[in-house]
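Working notes for the structure below.
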Amino acid sequence: MNFFMEAGAYKSDFCKIAERVRQSDCLVVGGSHRAVGLRRGDNCGSRVTVVCLRSEMAFAKQIAFANGIKVVENDALSLLLFRNYSAGDSFFLNPDEIENPIIWMPGKGIKKIVKKCDALVVCGNECAAGLRYDENTMEAPAVIYKSFDVGFSRRLAEESKVKVVENNSFAESLMGRCALDSEIPSCLFCMAVQVYKDLPKYKKKYKKTQPARGKL
């Protein structure tokens, strides 16, 4: 607490925190100080909206418990949201899957999905996203795998001989800005090209050509 702060200011800030937490469907906490409130979006499938980003975790948890709001311990997700998102931003993740460090389409085996990936893009030990692209049927690569368990994802990729690419900003963007099993937006095409041009299947194609009409 800043003792030079104007009287009542700190109390007022706590009131704002409490209000934002009450607007949340769940509170994701991690580390020793991160608390992020999430709220389900409107008819957007897996989209959730960040309603607060607060470091006063103990107080935020207290408000959540008092109001029957679910509190989820997920260090990787809380770090990703805390570092890259602001209140009001949207994040593509189903609230029902927040507790699960490995996110995949229901009814499909994890290992089978990783085998279908052209590349696994990872951000340190925080998150991993798998890309798949069929130039005959798709305009852009699709995100078919997401996980906060990078070690496990790496092992699956190595066993399946899927290339692992270290690219923090791209992995975070794929995790947060792309719905699962959907094609990536045009703003991520350039980063996708950097990944695909180094894959054996595409090396010759990218040696002398550039993507046209947004296609890879």
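The values are calculated or read from the model by the stated rules, or taken from the named source; none is laboratory data. Bear in mind that the values here come from a model prediction, so they are computed numbers and not experimental data. Cβ: placed from backbone, ideal geometry, glycine included. Neighbour counts: every protein chain shown. Quick note on the areas: whole protein, heavy atoms, side chains included, nothing else; ligands and nucleic acids left out. Shrake-Rupley method; radii C 1.70, N 1.55, O 1.52, S 1.80 Å.
So the values come out like this:
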{"item": "Alpha carbon Rg of segment 148-208, scaled by the compact-globule rule 2.2 N^0.38 Å", "result": "1.22"}
{"item": "Portion, in percent, of the accessible area of segment 104-186 that falls on carbon or sulfur, probe 1.4 Å", "result": "45 percent"}
{"item": "CYS187 versus LYS163: modelled label distance in nm, points set 7 Å from Cα along the beta carbon direction", "result": "2.6 nm"}
{"item": "Unsatisfied cross-links (Cα-Cα over 21 Å) in the set LYS112/LYS197; LYS146/LYS201; LYS115/LYS201; LYS163/LYS197", "result": "LYS112/LYS197; LYS146/LYS201"}
{"item": "Estimated inter-spin distance, GLU135 and ALA179, nm [label 7 Å along Cα→Cβ]", "result": "2.8 nm"}
{"item": "Computed FRET value (nearest 0.05) for LYS201 with ALA58, which takes r as the C-beta separation and R₀ as 45 Å", "result": "0.35"}
{"item": "Rg/Rh (Cα only; Kirkwood hydrodynamic radius) as it applies to segment 114-161", "result": "1.00"}
